[in-house]
Each structure stands twice: as C-alpha cells, then as structure tokens.
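A short worksheet on the structure shown next.
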Amino acid sequence: MKKQGRLIVHTGSMFSGKTTSLWRELYRMRIANYKIAAFKPAVDNRDDEKKIVSHDNLELDAMKVTDLNEILAYADKHELDAIGIDEVQFFPNDPTEVIDIFNELMKRNITIVCSGLDMDFKTRPFEIIKEIMPIADELTKHHAICASCGEDAWASYRKSSDESRIQIGSKDKYEPLCRECYNEKMNEREKTKNQITMEELGD
Ligand SMILES: [Zn+2]
C-alpha cells in the first residue's frame, strides 16, 4: 500500500521542544525504513554544519539549503518517503510559494514534518507558519517553561535591545516567558527607553 503524503507541523516558542519533536517523528519513520532526509535553512548557523541539533543535543543529519525549492529538486532526485524541515520560518520563500512546494511534495506521497517558531521576539507571527498551520494534517503548539514564574511560556523574549527580526541565538540571547511576564518586561523596557530619551533631551 502506498503511503500518502501528509503535513505535520510543530510550532511554539524557543526552548519548547519543537526540534526534539521533529527529530522524534523522523526517528520513528527511520525505524520503519522510510527513506527520509532533513533540511534546515542556511541562515541557521548555530550548530554543526550538517546536523539538526535540538537544545537537548539530539542529533540528526540535516542539509543546509537556502531556498525551499532546493528540497523539491532533491526529492525529485531521491525517492523519499518523508522530509524534515527545521526552522521553516527562516526560509526566504514567499508563503504562497511554500504552500505550492508543500503540495507538490505531498502529491509525490512525501510526508513533511516541519518545525518552526510561531512568533518573533515582538510576538508578531512568522508568515510561513501562519500560512501552513491551517493546511496541516497534524499541528502541535509546544510550550517552554516561563523563565520568570514557571507557568507555560508563550513568547521568546530577546534580552538585548537589537531590533532586527532575525537574530540567531540560544539561551545567551533569548528566554521563554509567559504572556504576563513577557508584557511586564516589555513595559519595563519601554519605560527605561523613555527615561533615556528624556535624559538625552536634558530634562
Ligand atoms: Zn511567567
């Protein structure tokens, strides 16, 4: 019986176990002798060149690609059953193009397991994730633990005042916070920023 292509999405904040879940899914498929390949965006330079490394150091060989079209080309050359894509929100492809590529892959009976951040550090949704969530067969939103109060975390708080949207980092640059603790810290930050401006004005 031929396996049907499906879309499985793991999303959530940083340190929520998204990559670990992606890895676990692929590992299960590998045991069942699925032919699998894993990919991650070239922009993710945190770890080893070839591996998907989750924060708890589970490793899987992953190819770095700059564009999701490369995955389609790769799948056409190799008879794959499933592919894993880590940090899918970082690909430069237009969200509608992502849907087209995913549909093409699923037409070839390839199952796609994706992991990606739902929101950036300002809690603005990442476009690709926003687009693929409704068409997923399976969707899991993972939660880290709030670094301040121990509730389920909601957002990835950036510790520095760097404003660029993509800033690759780990615990050195981010901490998971629940909605309340996140809003509190952002308010504090806003207050400090205003104070500095007042001082600069010589007030
Ligand atoms: Zn909290």
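The values are calculated or read from the model by the stated rules, or taken from the named source; none is laboratory data. Note that the structure is a prediction, hence the values are computed from the model and not measured. Every residue, glycine as well, gets a Cβ built from its backbone with ideal geometry; the counts of neighbours run over all protein chains shown. Ligands, DNA and RNA are stripped out before the accessible areas are found, and what is left, the full protein with its side chains, is counted by its heavy atoms. Shrake-Rupley method; radii C 1.70, N 1.55, O 1.52, S 1.80 Å.
A 1.4 Å probe run over the protein chains yields, for the chain, 54 Å² of accessible area per residue, whole-number rounding.
Once backbone amide H atoms are built at 1.01 Å from N, D120 has F126 as its partners under 5 Å, excluding neighbours fewer than 5 places away on the same chain. For the chain, the longest principal axis of the Cα atoms and the long axis of helix 18-31 meet at an angle of about 10 degrees.
Proximity of backbone amide H atoms, modeled 1.01 Å from N, is registered between K64 and K40 at under 5 Å, excluding neighbours fewer than 5 places apart on the same chain. Principal-axis analysis of the Cα atoms of the chain puts helix 95-107 at an angle of about 30° to the longest axis. Put a plus charge on the Cβ of each Lys and Arg, a minus charge on the Cβ of each Asp and Glu, and nothing anywhere else: the dipole of the chain about its Cα centre is then about 680 debye. Annotation: K141 carries an accessible surface of approximately 100 Å², with a 1.4 Å probe and no ligand, DNA or RNA atoms counted. The residue among M198, P176, I135 whose Cα reaches farthest toward the positive pole of the charge dipole of the stretch 87-203, with charges on the beta-carbon of Lys, Arg, Asp and Glu, is P176. For the chain, averaging the sequence separation of C-alpha pairs within contact (under 8 Å, six or more residues apart) and dividing by the residue count gives a relative contact order of 27 percent. Expressed as a whole percent, the accessible area of the chain that falls on carbon and sulfur atoms is 47 (1.4 Å probe).
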